[in-house]
Structure formats: C-alpha cells, structure tokens
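Below is one structure, written out as structure tokens, with a few remarks after it.
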Amino acid sequence: MSKPILVLCYHSTNVSGHDYGLNDHVALRADLATLRARDVDLVHAAAAIRDPLAQRPRVAITFDDGMILDAIDFVHPSWGHQDAFLRILREHHESTGQQCVAASFVIASPQARAELDRKDFLSLDLWHDDWWTEATASGYITIENHSWDHNHPSLDRSVQRDNRRGSFRYIDTEADAMAEIAQASDYIEQRCGRRPTLFAYPWGEENPYLVDEFLPARGAELGIVGAFVTSGDPLRPTDRWRIPRQVCGTDWRSAEEFSILLDRYLRGTDV
C-alpha cells in the first residue's frame, strides 16, 4: 500500500535538560537511529509535494524558527554544550551512510529576530542569519520560509495591518500575506542565494484565506510549492497547502512514544 510522507518537526531551542523529553537535540539523534534501524527512508520535505505517495515508508525532518542551534554548536547557559542539528545530521550520515536533508523554516525579519532574542532569549544572539549560507552549502539543510516576523506576540509591532499579534490566523488579506510570506522569501533568497520553496505556518496555524485563496493563486509566482500545518492526519493529507507535521514535544515526548507513532505510521493506522 502506498504511503504519504511522515513529516517531523523539531525546535533547536527546546533545551531544558539532558534527557530525550527535555532536549530536541537528544531526541533528534535518537529518532534518526530509530528510523535507520526500522529501515525508513529519509527524504526532504519537498517530496511531500512532488512525490506524495510511495511504497516505501519515508520520513522528512524539519526544524522551526531558525535559531543558530540548527547549524552551530552552542554552550547553553544552564545545560552546557549542545551539538547543533547540523552536526547530528552529518554524524548520522557518516556513521550509517544515510543522508538526511532537513528543511529549516526560519523567521526572516532581522529586526524581529533581534527583538525576540533580546526579549525572550537573554540577548544570547541566537537568532542571527550568518549561518544560513553555510548551512545551505553543507548539503544537509535547506532554508525555508516561516514568515517575516511570525506575527509574534513579543514584538512591539508586526506587519499585520492592525498589529493583532499572537496568531497567524490574523494574516487574512493579500497585503498581510505578501508582507509575511513574499517579503520573507525575498529576504531569504537575498541572504543565502536560494529561494525557499516551502512554507510552514507559524504555530501550524492556517486559515481559509491562505489555504484556499492566497497560496493557490500566488504561491507559484512566489516560488512556494507547499505549506505545512501541525494538525491533521499525516496518513490522509488533504492538499499541498495543508500538509500535516508531527511535532517533537507535542505529538510525542519520549523514545517510546516516538516508536508508537512510527509503528502506527508503518501499519497505516491513525497517528
């Protein structure tokens, strides 16, 4: 029976300890080993659009928000050295021969990232974009679109027309969508030399305007071929503008829960 791709999401700043359930870096390394042991193919998230069904089970790895820990090792002020996601991908390839190319969905606005770093991350300089070009050149990560400013509640001002922040469902006009999605793609292309082809809704929150109107009408000219949510059944995706993802720390919280999720996917039962 043909299967869609199981798309997984990790956040590199989810570090509050050294154990699987407290650290997405620990979880990613363990999950890659599990996927290899279970003979699951690793593919880029774009395959969910260009090749949505296959006989072999396939998993795509994605990262959200675009922190430097996606690509640069970091000494956490409370939990010490953290191997970057990029190092984990490279070491998995070197040890198993299985290469994984992950999609890193980044917040594009340098001003928004600087404000969020200052307000929410102790001014640790976790949100610059100097790493994008090197990560792209590595062959293990592509830089994709996670909006201009995430319409984040910590910002003094977002590009949303009424400054209604805290939900991406407020992005429901062409002007707001162009400011959040088109502007982000333009900046990412300028900074890393590659235009994003994928979009991930902040918080996984789509709305009817973006899914049914804006992206079907404007996605192609913007270079966007598909968009990802954090809801829905991964075994029964509805369309390319609402592709489900499973999120580490939300949809599974331990190696045991990951094995259960993977078993359900492999059996073709509800995840």
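The figures follow:
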quantity	calculated
Subset of region 216-258 that is under 23 Å from Ala54 (Cβ atoms) and out of contact with any helix residue (DSSP H, G or I) (no Cβ under 8 Å at 6 or more places or on another chain) - its residue that is surrounded by the most Cβ atoms within 10 Å (Cβ to Cβ)	Pro244
Checking Asp24 against (1) farther than 16 Å from His11 by Cβ; (2) in contact with a Phe, Trp or Tyr (Cβ under 6 Å, 6 or more places away or on another chain), the condition it does not meet	(1)
Val40 over 30 Å from Ser158 (Cα atoms), of a type outside the set (D, E, K, R), touching a Pro at 6+ places or on another chain (Cβ under 6 Å) and touching a residue at least 24 places away in the same chain (Cβ under 8 Å)	yes
Unique residue being charged (D, E, K, R), at pLDDT 95 or above and more than 20 Å from Ile49 (Cα to Cα) when the list is Asp212, Asp149	Asp149
Filtered residue count, region 120-164, keeping only those that are over 20 Å from the mean Cα position of the chain (by Cα), buried (at least 19 other Cβ atoms within 10 Å of the Cβ) and of a type outside the set (A, V, I, L, M)	2
Members of region 93-123 that are of a type in the set (A, V, I, L, M), more than 15 Å from Ile68 (Cβ to Cβ) and part of a helix (DSSP H, G or I)	Ala112
Selection within region 142-197 - basic (Lys, Arg), in contact (Cβ under 8 Å) with a residue 40 or more places away in the chain and either in contact with a Leu (Cβ under 9 Å, 6 or more places away or on another chain) or within 26 Å of Ser123 (Cα to Cα) (or both)	Arg191
Residue in region 183-192 that is touching a Ser or Thr at 6+ places or on another chain (Cβ under 9 Å) and closer than 22 Å to Ala84 by Cα present	yes
Residues of region 30-55 satisfying the condition of being within 26 Å of Pro196 (Cβ to Cβ) and among the charged types (D, E, K, R)	Asp31, Asp41, Arg50, Asp51
Matching residues, region 74-92, being out of contact with any Cys (no Cβ under 8 Å at 6 or more places or on another chain), part of a helix (DSSP H, G or I) and under 15 Å from Asp24 (Cα atoms)	Phe85, Leu86, Arg87, Ile88
Some residue of region 59-69 being touching a His at 6+ places or on another chain (Cβ under 9 Å), surrounded by 15 or more Cβ atoms within 10 Å (Cβ to Cβ) and in a helix (DSSP H, G or I)	yes
Considering residues of region 259-270 that are among the hydrophobic types (A, V, I, L, M, F, W, C) and surrounded by fewer than 19 Cβ atoms within 10 Å (Cβ to Cβ) only, the residue nearest to the chain's Cα centre (by Cα)	Leu261
When residues of region 165-175 are limited to those that are among the hydrophobic types (A, V, I, L, M, F, W, C) and surrounded by 16 or more Cβ atoms within 10 Å (Cβ to Cβ), the one farthest from the chain's Cα centre (by Cα)	Ile171
Residues of region 214-236 satisfying the condition of being more than 18 Å from Glu144 (Cβ to Cβ), assigned to a loop (DSSP other than H, G, I, E, B) and either free of Cβ contacts under 8 Å to residues at least 12 places away in the same chain or not small (Gly, Ala, Ser) (or both)	Asp233, Pro234, Leu235, Arg236
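Yes/no matrix, rows are residues, columns are (1) surrounded by fewer than 23 Cβ atoms within 10 Å (Cβ to Cβ); (2) farther than 21 Å from His146 by Cβ; (3) more than 19 Å from the chain's Cα centre (by Cα); (4) not small (Gly, Ala, Ser):
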| position | (1), (2), (3), (4) |
| --- | --- |
| Ser95 | yes, yes, yes, no |
| Gln98 | yes, yes, yes, yes |
| Gln111 | yes, no, yes, yes |
| Arg118 | yes, no, yes, yes |
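The values are calculated or read from the model by the stated rules, or taken from the named source; none is laboratory data. In this text the structure is predicted, and so the values were computed from the model without any measurement. For neighbour counting, all protein chains shown are included, and Cβ atoms are generated from backbone atoms with ideal geometry for every residue, glycine included.
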